[in-house]
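The values are calculated or read from the model by the stated rules, or taken from the named source; none is laboratory data. None of these values were measured; they are calculated from a predicted model. Quick reminder, even Gly has a Cβ in these numbers, built from the backbone with ideal geometry, and neighbours come from all protein chains shown. Please note that ligands, DNA and RNA were not included when accessible areas were found on the heavy atoms of the full protein model with its side chains. Shrake-Rupley method; radii C 1.70, N 1.55, O 1.52, S 1.80 Å.
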Amino acid sequence: EELTWDYFVGFTIEDVHHGVLGVVAGVDQTTLNTLFVVEKEGKELLIPACEEFITGINSDQQIIRVDLPEGMLTMNE
């Protein structure tokens, strides 16, 4: 069975340095790079959905673990 990006809606995004970033509310595929649209406390973060940043996926617990480069989280502000 082939997975689509929409499979990850509802997964929690967790950064190795910053902890839980939020829950994937959607996936934006309208740009060159696919983005996870992550919601936390009424705010929206755009996280690149690329293998370079994803360090692990736990499908049972619905967690995507990422290691984002320094400064990426502040780019959304």
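Residue pairs whose Cβ atoms lie under 7 Å apart, sitting 6 or more positions apart in sequence or on different chains, and linking a residue in the stretch 46-67 that is more than 24 Å from T30 (Cβ to Cβ) and open to solvent by less than 40 Å² (accessible area, probe 1.4 Å) to a partner that is modelled with pLDDT of 95 or more and not aromatic (F, W, Y), are G56/R65.
State all residues of the stretch 1-37 that are aliphatic (A, V, I, L, M) and farther than 18 Å from E70 by Cα; if no residue qualifies, say none. Scanning the stretch 1-37 gives L3, V9, V23, V24, A25, V27, L32, V37. When the residues of the stretch 1-45 are filtered to those that are under 12 Å from the mean Cα position of the chain (by Cα) and among the polar types (S, T, N, Q), the one that is surrounded by the most Cβ atoms within 10 Å (Cβ to Cβ) is T12.
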